[in-house]
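This report concerns only the one structure given below.
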Amino acid sequence: MFAVCPLKPCGGTTTVAERGELLLIQFARVPVSGRVKTRLIPALGEEGACQLHIDLMQHCCQRLLAADLAPVELWLDSEVEHPAVSTCRAQGAVLRCQHGADLGQRMHHALLDGLVRYRRVVLVGSDCPGIDKQYLRLANHGLEGAPLCLGPATDGGYVLIGARRSDPGLFEGVAWGADTVLADTLANVGRLGWDVEVLPELADIDRPDDLPVWQEIIAH
């Protein structure tokens, strides 16, 4: 078990004056062979898919830390210790645990937790190697004019969500894993009456057809 950084819970006593400006959150699953990157197992095998998951997770964490824009927290789906997680921690990421019955609840909880402590939170997954300092700056800038920012994925989901507020209704009825995730979320945004900044589209690495994107990145 890794040591989770103790922080004030949602609804704590942090004042506006004490809040930081920006927090970067990375979501990831602890690498377990056969349970991560399952759509890539037919092409890579269980071990190969797990190693790709590790490579992407560490690549994303390094990008966030190297951007040097804000503190970085790595939110994991369990507290099981793993060398890849330890590497991210050693490089400067603070480890936290996700909570919730589905991805929407887990993201809502993480956003609320971050917004108690920071004015803006940018949350990314670990599957998009194209996220870099410039993209993170775009998201942060977008939050100056809107309470929400989304970075679309080429598969119909999104690779980034930035927020100055969160609401459980933002994630209700979203078919996680389907190609309608972005559309479902934007429909919820409309029902909430919020403005949203939409960033340029980036590619996730989820399916065999996505592998050339990753191979091109690591070749340079």
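If we restrict to alpha carbons, what Rg and Dmax does the stretch 106-204 come to, in Å?
Rg, Dmax (Cα atoms, Å): 12.3, 33.
For each of Lys133, Lys37, count neighbouring Cβ atoms within 10 Å of the residue's Cβ, then give the residues from fewest to most. Let's see the in-between values first.
On the way: Lys133 13, Lys37 25.
By the 10 Å Cβ count, ascending: Lys133, Lys37.
Starting from the Cα of Arg191, step 7 Å along the direction of its Cβ; do the same at Arg207; then give the gap between the two resulting points in nm.
Placing both labels 7 Å along Cα→Cβ, they lie 2.7 nm apart.
For the stretch 105-159, what D do you get in µm² per second when you plug the Kirkwood radius from alpha-carbon pairs into Stokes-Einstein at 25 °C and 0.890 mPa s? Spell out each step's value before the answer.
Details: Rh = 12.2 Å.
In µm²/s, the coefficient rounds to 202.
Based on DSSP H runs of at least 4 residues, each adding -39500 (n - 2.57), what is the mean residue ellipticity at 222 nm of the chain after dividing by all its residues, to the nearest 500 deg cm²/dmol?
-12000 deg cm²/dmol
Determine the percent antiparallel among the DSSP beta bridges restricted to the stretch 19-218, to the nearest 5. Working shown, then result.
Values: 9 of 28 bridges.
Restricted to the stretch 19-218, the bridges split so that about 30 percent are antiparallel.
If each of Glu21 and Gln105 carries a label point 7 Å out from its Cα toward its Cβ, how far apart are those two points in nm?
3.6
Candidates [x] 22.0, 67; [y] 15.9, 46; [z] 16.6, 52; which is the computed Rg and Dmax of the Cα atoms in Å?
Label [z] holds the value from this structure.
Quick check on the exposure proxy: order Val94, Val36 from fewest to most C-beta atoms within 10 angstrom. Walk me through the numbers before you get to the answer.
On the way: Val94 16, Val36 23.
Result, fewest neighbours first: Val94, Val36.
Show me the ranking of peptides 183-192, 101-110, 38-47 by mean Cβ neighbours inside 10 Å, starting with the highest. The partial results should precede the final answer.
Values: 183-192: 16.3, 101-110: 17.8, 38-47: 14.1.
Order by mean packing, descending: 101-110, 183-192, 38-47.
Suppose R0 equals 30 Å; then what is the FRET efficiency for Glu46 and Asp132 from their Cβ-Cβ distance, rounded to the nearest 0.05?
Details: r = 30 Å, r/R0 = 1.00.
Efficiency computed from Cβ-Cβ geometry: 0.50.
Using label points projected 7 Å from each Cα along Cα→Cβ, tell me how many nm separate Ala178 and Ile218, to one decimal.
Label-label distance for Ala178 and Ile218, simple model: 3.3 nm.
Between the stretch 165-211 and the stretch 24-98, how many Å separate their Cα centres?
21
At a Förster distance of 25 Å, what's the computed FRET efficiency of Cys97 paired with Thr154, Cβ-Cβ distance as r, to 0.05? Please list the in-between numbers first.
Details: r = 30 Å, r/R0 = 1.19.
Rounded to the nearest 0.05, the efficiency is 0.25.
So if each residue of separation counts as 0.36 nm, and I subtract the Cα-Cα distance between Ser33 and Glu144, what length gain in nm does that give?
Values: separation 111, 0.36 × 111 = 39.96 nm, distance 4.07 nm.
Stretched fully, the Ser33-Glu144 segment lengthens by 35.9 nm.
FYI, it's all coordinate maths here, none of it is from the lab. It should be emphasised that the depicted structure is a prediction, and the values quoted were computed from it without experimental measurement. Note that each Cβ is placed from the backbone with ideal geometry, even for glycine, and that neighbours are counted across all protein chains shown.
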